[in-house]
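The values are calculated or read from the model by the stated rules, or taken from the named source; none is laboratory data. This structure is a prediction, so every number in the text was calculated from the model and none was measured. Glycine also receives a Cβ, built like all others from the backbone with ideal geometry; neighbour counts cover every protein chain displayed.
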């Protein structure tokens, strides 16, 4: 059974997190598409992107076609709140980004996940042993 969505209350993720996740998933995404995906206005997304740039969570440059921006997320940036001290935003991105499909049988297997900009492997998500995850109610299966 699906749950009904209550749009009048609070949510676990902020608009800043949603915008960052949308850009991490597609570094060439248009801000109007980010706004549609995050269910906020384009003006709100512009302000959030400015905040994220100022805080050095992402950088922006013109794409080669000269028509769009290309974003680069600094996945090593730490969370801002002291309660999340010691965690990098790469963990959030890994949590909310689907795992890549396995390579076809005729393709060689590559270890690690590629980063959004293709510059190398992204940090592997931390996996707990089956006994540890069984005792942790919030562990990801």
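Which ones in region 85-99 are farther than 12 Å from residue 20 by Cβ and surrounded by 10 or more Cβ atoms within 10 Å (Cβ to Cβ)?
Looking only at region 85-99, we keep the residues that are farther than 12 Å from residue 20 by Cβ, and these are 85-88, 91, 94-95, 98-99.
Within region 85-99, 87, 88, 91, 94, 95 meet the criteria.
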In the set 18, 72, 37, which member is surrounded by 15 or more Cβ atoms within 10 Å (Cβ to Cβ), within 15 Å of the chain's Cα centre (by Cα), modelled with pLDDT of 95 or more and not in a helix (DSSP H, G or I)?
72
For region 53-66, name all the residues that are more than 19 Å from residue 97 (Cα to Cα) and either exposed (fewer than 12 other Cβ atoms within 10 Å of the Cβ) or in contact with a strand residue (DSSP E or B) (Cβ under 8 Å, 6 or more places away or on another chain) (or both).
53, 54, 56, 59, 60, 61, 62, 63, 64, 65, 66
Quick one: would you say residue 52 is assigned to a helix (DSSP H, G or I) and without any contact (Cβ under 8 Å) to a residue 60 or more places away in the chain?
yes
Between a first residue in region 64-84 that is closer than 17 Å to residue 23 by Cβ and a second residue that is assigned to a strand (DSSP E or B), which pairs have beta carbons less than 6 Å apart while being 6 or more apart in sequence or on different chains?
69/60; 70/61; 71/58; 71/60; 72/59; 73/58; 76/88
Only one of 47, 86 that is part of a helix (DSSP H, G or I) and out of contact with any helix residue (DSSP H, G or I) (no Cβ under 9 Å at 6 or more places or on another chain)
47
